[in-house]
Amino acid sequence: MSTLPDRPNTALVVIDVQQGVVGEAPGRDEVVGNISALVEKARGVGAPVVWVQHSDEELVQGSHAWEYVPELVRRQSEPLVHKSYGDSFEGTDLEEVLSDLAVGRLVVAGAESDACIRSTIHGAFTRGYDVTLVGDAHTAGDKTDWGAPPVEQVIAHTNLYWRFQAAPGRTAGVVDTQEVTFSG
């Protein structure tokens, strides 16, 4: 279990599923559908759902690009964390939100696989959380023009290496949407 012994709960963390982030992402509809299923599953068992929303010079707060996709609707009671760095913990109140909810295990989904997802899962892991990445519920925009591999390869690589993360007292892993549980 996590190195946060006073935190027995598991939360779903939904990262940056915003119009300007996933609008053109490969597999967008399937990924958003899987995230929607995860949100409903978490709500159904009373697990916290924590929403993360990025802003910067391209994702200006209040703009259409900054808004979450219409298929995903946050409830007023669900925390919303605003960020401006890749790691959802940096310069935000995410740690405080999770502490208040007694969360020591994160189930992570969203975008972008090669940026904010990767930064956040590593950031959480080094902070003592158990971290499960939902392998069929994250995506990224095409960055092949800048020398990156195709998105499908980015997702596959992220899933591959996260399966083998290890550290004392913490667990990491990858599961598909259907396999996600919010206990243990």
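Details
- Radius of gyration and maximum dimension Dmax of region 1-57, Cα, Å: 14.0, 41
- Normalised per residue, the volume of the convex hull around the Cα set of region 140-184 (Å³): 98
- Rough spin-label spacing in nm, given labels placed 7 Å along Cα→Cβ, for E96 and D6: 1.6
- Neighbour cut-off at most 14 other Cβ (10 Å), DSSP loop, GluC sites (Glu not before Pro), region 1-68: E24, E57, E58, E67
- Helix content alone sets the calculated 222 nm mean residue ellipticity of the chain: runs of n ≥ 4 DSSP H residues at -39500 (n - 2.57) each, divided across all residues, give -8000 deg cm²/dmol.
- The distance between label points at Q61 and R75 comes to 2.6 nm (points 7 Å beyond Cα on the Cα→Cβ vector).
- Three principal axis extents describe the C-alpha atoms of region 73-176; from largest down they are 41, 32, 24 Å.
- For V60, the solvent-accessible surface with a 1.4 Å probe is about 80 Å², rounded to the nearest 10.
- Per atom type, the chain shows carbon and sulfur on 50% of its accessible surface, probed at 1.4 Å.
- Averaging Cα coordinates gives a centre for region 135-177 and one for region 87-111; these two points are 19 Å apart.
- Ranked order, R75, R43 - accessible area, probe 1.4 Å, largest first: R75, R43
- Computed over region 69-184: relative contact order in percent, which uses C-alpha pairs under 8 Å that are six or more apart: 22
- Accessible area expressed per residue, region 1-113, with surrounding protein chains retained (probe 1.4 Å, Å²): 46
- Rg and Dmax of the chain, both derived from C-alpha coordinates alone, stand at 15.1, 46 Å.
- In plain terms, the chain from Q19 to W146 could stretch by 43.6 nm, reckoned as 0.36 nm per residue minus the Cα-Cα distance.
- For K143, solvent-accessible area (1.4 Å; no DNA, RNA or ligand), Å²: 50
- For region 21-118, the square roots of the Cα gyration tensor eigenvalues, ordered a ≥ b ≥ c, give a/c of at least 1.5 with a/b no greater than b/c, which places it in the oblate category.
- Normalised by the number of residues in region 60-120, the average gap of Cα pairs under 8 Å and 6 or more apart makes the relative contact order 30 percent.
The values are calculated or read from the model by the stated rules, or taken from the named source; none is laboratory data. These numbers were taken from a predicted model, which means no experiment stands behind them. When we count neighbours, we look across all protein chains shown, and the Cβ atoms used for this are built from the backbone with ideal geometry, even at glycine. Note: areas computed on protein heavy atoms with side chains; ligands, DNA, RNA excluded. Shrake-Rupley method; radii C 1.70, N 1.55, O 1.52, S 1.80 Å.
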